[in-house]
Amino acid sequence: MPLRSALRSPWMRLANAGFELAAAIGGFALLGWWVDRQRGSQPWGVLIGALLGLVGGLYNLIKASLRAAEEAEREDDRHRE
């Protein structure tokens, strides 16, 4: 299997979506930790950052899953013809 088709496989897309979700949560939590250290507002910066990362990551995850569902439906229609 060529590398290009391996990168487009459904498993790789799912892994990418999961990584993006984890990276968004971790990145915003890290930003919140930095804000906490600057302002001495523990634990609010980390909590708010993690929540913002969760919302943004879930938004991207839902967008990607809707796109994948549309692609799967188009592929099913092509196989029926």
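The values are calculated or read from the model by the stated rules, or taken from the named source; none is laboratory data. Owing to the predicted nature of the structure, the values given are computational and were not obtained by experimental measurement. Cβ placement follows ideal geometry from the backbone for every residue including glycine, while neighbour counts extend to all protein chains displayed.
So, of the residues in region 34-81 that are in contact with a Pro (Cβ under 9 Å, 6 or more places away or on another chain) and either of a type outside the set (Asp, Glu) or not in a helix (DSSP H, G or I) (or both), which turns out to be nearest to Met12 (Cα to Cα)?
Checked region 34-81; the qualifying residue nearest to Met12 (Cα to Cα) is Ala68.
Just one of the numbered conditions (1) in contact with a Phe, Trp or Tyr (Cβ under 8 Å, 6 or more places away or on another chain); (2) in contact (Cβ under 8 Å) with a residue 12 or more places away in the chain is not true of Ala23; which one?
Against the list (1) in contact with a Phe, Trp or Tyr (Cβ under 8 Å, 6 or more places away or on another chain); (2) in contact (Cβ under 8 Å) with a residue 12 or more places away in the chain, Ala23 comes up short only on (1).
Given Met12, Met1, which one is surrounded by fewer than 16 Cβ atoms within 10 Å (Cβ to Cβ), outside any helix (DSSP H, G or I) and at pLDDT below 85? If you could, list the steps in order and put the result at the bottom.
Numbers: Met12 fails: outside any helix (DSSP H, G or I).
Just one listed residue meets the conditions, Met1.
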